[in-house]
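The structure appears below as structure tokens.
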Amino acid sequence: MRKTLMLFLLATATLSAQDDPAEQDRRRTENIETILRIQDRRTVHDGKLISLLSDDQAAVRRRAYLAFASVQDTTALSMLIRGLTDPETGVQEAAAFAIGQTGILLTARNRAELEHDLIWNRIQSTRVPDRLIEEIGKFGTVDGLRDLVIRIGNVYPRQHETGMIMGIARFAIRGITDPGAVRYLLVSAKTHSPVPWEALYALQRIGDDPETRAEIEYLVQLRNDRDPLVRLNLAVLLGKFRDVRVARDPLIRMAASDGDWRVRVAAFRSLAVHPLTSEPEALEVFRRAFFDGNMHIALAAIAALRSSDIAPADSTGGAQELLQELGTMAANDGNAFPWQHQAEAAATLASLLRSGAFPHLVYSSWPNAHLQADLLRALGATGAEESAMPLLAALDDDRAIVRCGALDGLTALAGLRTDDRALRRTIRSMLPGLCSSGDAAVVATAAGMMADSLFADTKSTPDLLRLVPGLRGPDDIEALLEVIAALADLGDNQAVPQLIDLLQESERPVAAEAAAALRRMTGMDYAARVGQGEPMYTDFDFAYLHALPETIRVVISTARGDITAELYKELAPFTIMSMLKLSSQRGFYRGLTFHRVVPNFVIQGGCPRGDGWGGPGYTLRSEFSTARFLAGTIGIASAGKDTEGSQFFITHSPQPHLDGRYTIIGNIIDGQHVVDAVERDDRLFDFRIQQ
């Protein structure tokens, strides 16, 4: 009796402790910290993370599933599937996301088995069917797509339409499509008001298809749709039908006068692949765009012409006028044009005229390193014999970005002058010396050239292997990844022992790249031999992290104005903590530039070198989330999974193909017009918490 009473009291005390809010908060905080440590270290094999999938608190379970979405451990898939029946909808969504992130790593046979189970057994029993259908699109096979059309797409009234549209889009991103899926999208585009832009996105990812071609007369009417995202994706789609006259005229109209600059950019890119030389109206639209007040439109129009049918033989009419304008911009006498116009025009002129462009590319020492590098690339793209001397001379420039531009130019030149063996020998003889420069960008570029069939020889593998021991710092990871990839391209078994040694590298991206290289070279799977060491850098400063609010408002000050953003701590806690510490403790971002701007895609900054090869002196692990890349989303740049640092990018428009592949930290809430105005090499004054 006494023993029974003591057990009752113990059970009562346990229940009381579990019901105590303070105790629950303490346990939740402790468990989430444990999850974040495991996720960051990528150490999941002690079973702790799996055990937390069954925690009694939904917040812990959700965080554990999200951790598996970043870790991507295929051995946990059976546990992830169980999460689809969790009592909490948010946990089910995280489980579905983790399945999609991990399924792509399976063999084709196992992917087929997984998709069959999910499609026929799980979709109707989960509360997040749309998310699950979309996630299947990340890894599913063509048979899986057909099954989805049968299981979901042919049901009326329609169910889970949002998931089906995005699921079909994700299949299409991977090059998988089906006529039934195309018909499903066309019905969505024709029967809904407003038209879902995602349906047009999925159609343009699929491209030229007989089903879509049959509906082109209807689709072109969407050029007047109120939603710019519908018009934008329509413009991209129409570029896939280059032999269809009815697709050309709407593109001319959208390129000339659409009210959204992003639509015009997309229209110019698509219009350029249609026949132009016999279209004086289209040529005139391009010519006027060269002088558009929006630099994104001007640069997009100039660059798009590289895909056009304009040729040196076009000596009369609008085509000749365009070539003359490009020549004037490329020479840029008296600096009449912005340097960005000059760089873009030089590249386009070289692409169209080859050696005929050489007289327009006046080479001299420009103070702007970006311009210098771009002009060197254009020189190489001319294929002119006279380009070799300035390109080789530029290898002695003290600016790494210029040396890389020269190397790119020399690769292009050698590719166009395949009979010039002396040139190839000269270039090859200089590569080992450039690899010993110690600069990651130069090393990576030169290493890639050593594996190129233009320059590879019997010394390439030994030369590359000599680089490996010196590439061990956090700033060298990208260069080391390039060297490993080059060794894989060469396929020389001399590299196998050293690649096996790299399987124990503490930085997982290096070990994973070595395993991939070994598989290519030997046909054997080395994934199980990848070491379990901890990364070089971790920062588990939970006191700092807990002191931050869940939503952190920051101001990004630029030369074009201020951008206000909200960072969401839950999405990427360690990444956000790193950025805020860099900003507040080191003033890291002050005075840097936006070194990369791609119209209607992203602006990118945060590189201390200004060329995209710099970082904070350490790397971070990817923190993937269910958030999506919409217009104004802030993501973290990387050279592959788990190689993030200080560089960030902001989107101009939705970019679904980036979802689940790049860390998202937040969104712009004020100043998207500033984002849209930022030009390449614009100054970034500061990145600070708003007081």
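Of all residues in the stretch 31-50, those being within 14 Å of residue 65 (Cα to Cα) and either in contact with a Gly (Cβ under 7 Å, 6 or more places away or on another chain) or of a type in the set (S, T, N, Q) (or both) number 3. For the stretch 667-691, a residue qualifies if it is on the phi > 0 side of the Ramachandran plot and crowded, with 20+ Cβ neighbours inside 10 Å, and exactly one does: 671.
Here the condition is being touching a helix residue (DSSP H, G or I) at 6+ places or on another chain (Cβ under 9 Å), assigned to a loop (DSSP other than H, G, I, E, B) and either surrounded by fewer than 21 Cβ atoms within 10 Å (Cβ to Cβ) or among the β-branched types (Val, Ile, Thr) (or both); of 639, 627, it holds for 639 alone. Within the stretch 162-178, does at least one residue satisfy the condition of being more than 27 Å from the chain's Cα centre (by Cα) and either acidic (Asp, Glu) or at pLDDT 95 or above (or both)? No: the stretch 162-178 contains no residue that is more than 27 Å from the chain's Cα centre (by Cα) and either acidic (Asp, Glu) or at pLDDT 95 or above (or both).
Of the residues making up the stretch 202-230, those that are of a type outside the set (A, V, I, L, M, F, W, C) and under 23 Å from the mean Cα position of the chain (by Cα) number 4. Is one or more of the residues making up the stretch 313-324 surrounded by 23 or more Cβ atoms within 10 Å (Cβ to Cβ), small (Gly, Ala, Ser) and modelled with pLDDT under 95? The answer is yes; a qualifying residue exists.
If the condition is being in a helix (DSSP H, G or I) and of a type in the set (A, V, I, L, M), then the stretch 87-108 contributes 91, 94, 95, 96, 98, 99, 108. Residues in the stretch 498-524 that are assigned to a loop (DSSP other than H, G, I, E, B) and either in contact with a Lys or Arg (Cβ under 6 Å, 6 or more places away or on another chain) or not acidic (Asp, Glu) (or both): 503, 504, 506, 523, 524. Restrict the check to the stretch 63-83 and report whether at least one residue is surrounded by 21 or more Cβ atoms within 10 Å (Cβ to Cβ), under 18 Å from residue 163 (Cα atoms) and not small (Gly, Ala, Ser). Within the stretch 63-83, none of the residues are surrounded by 21 or more Cβ atoms within 10 Å (Cβ to Cβ), under 18 Å from residue 163 (Cα atoms) and not small (Gly, Ala, Ser).
Among the residues of the stretch 446-471, just one is in contact with an Asp or Glu (Cβ under 7 Å, 6 or more places away or on another chain) and among the polar types (S, T, N, Q), namely 461. Does the stretch 514-530 contain any residue that is surrounded by 18 or more Cβ atoms within 10 Å (Cβ to Cβ), under 17 Å from residue 481 (Cβ atoms) and not aliphatic (A, V, I, L, M)? Yes; the residues of the stretch 514-530 include at least one that is surrounded by 18 or more Cβ atoms within 10 Å (Cβ to Cβ), under 17 Å from residue 481 (Cβ atoms) and not aliphatic (A, V, I, L, M).
How many residues, within the stretch 34-57, are under 19 Å from residue 569 (Cβ atoms), part of a helix (DSSP H, G or I) and more than 29 Å from the chain's Cα centre (by Cα)? Matching residues across the stretch 34-57 total 1. Here is a check on your reading of the model: is residue 126 touching a Leu at 6+ places or on another chain (Cβ under 7 Å), among the hydroxyl-bearing types (Ser, Thr, Tyr) and under 23 Å from residue 625 (Cβ atoms)? When the stated conditions are applied, residue 126 passes them.
The residue pairs whose first member lies in the stretch 561-577 and is among the small types (Gly, Ala, Ser), whose second member is part of a helix (DSSP H, G or I), and whose beta carbons are closer than 9 Å, counting only pairs six or more residues apart or on different chains, are 561/673; 561/674; 561/677. On the basis of being in a helix (DSSP H, G or I) and not assigned by TED's automatic domain parsing to the domain that holds residue 405, does residue 453 make the cut? Taking the combined requirement at face value, the residue does not satisfy it.
Counting only helices (runs of 4 or more DSSP H) that fall entirely inside the stretch 109-216 and contain at least 1 residues that are within 23 Å of residue 83 (Cα to Cα), the qualifying elements are 129-136, 142-148, 161-173. Identify all residues within the stretch 264-282 that are more than 24 Å from the chain's Cα centre (by Cα), part of a helix (DSSP H, G or I) and crowded, with 22+ Cβ neighbours inside 10 Å; write none if there are none. If the condition is that a residue be more than 24 Å from the chain's Cα centre (by Cα), part of a helix (DSSP H, G or I) and crowded, with 22+ Cβ neighbours inside 10 Å, then 271, 282 are the ones that fit. Taking into account only those residues within the stretch 553-592 that are more than 17 Å from residue 671 (Cβ to Cβ), surrounded by 21 or more Cβ atoms within 10 Å (Cβ to Cβ) and hydroxyl-bearing (Ser, Thr, Tyr), which is farthest from the chain's Cα centre (by Cα)? Here the answer is 578. Taking the stretch 276-310, which residues are among the small types (Gly, Ala, Ser) and either outside the structural domain of residue 254 (by TED's automatic domain parsing) or at pLDDT 90 or above (or both)? Matches in the stretch 276-310: 282, 289, 293, 298, 300, 301, 303, 304, 307, 308. Residue 437 meets the conditions (1) under 21 Å from residue 498 (Cβ atoms); (2) among the small types (Gly, Ala, Ser); (3) outside any helix (DSSP H, G or I) in every case but one. The failed one is (1). Within the stretch 473-487, identify whether any single residue is surrounded by fewer than 21 Cβ atoms within 10 Å (Cβ to Cβ), farther than 28 Å from residue 401 by Cβ and hydrophobic (A, V, I, L, M, F, W, C), and answer yes or no. The answer is no; no qualifying residue exists.
So, residue 300, is that one buried (at least 17 other Cβ atoms within 10 Å of the Cβ), within 20 Å of residue 204 (Cβ to Cβ) and among the small types (Gly, Ala, Ser) or not? When the stated conditions are applied, residue 300 passes them.
The values are calculated or read from the model by the stated rules, or taken from the named source; none is laboratory data. Note that the structure is predicted; figures quoted are calculated from it, not measured. Glycine also receives a Cβ, built like all others from the backbone with ideal geometry; neighbour counts cover every protein chain displayed.
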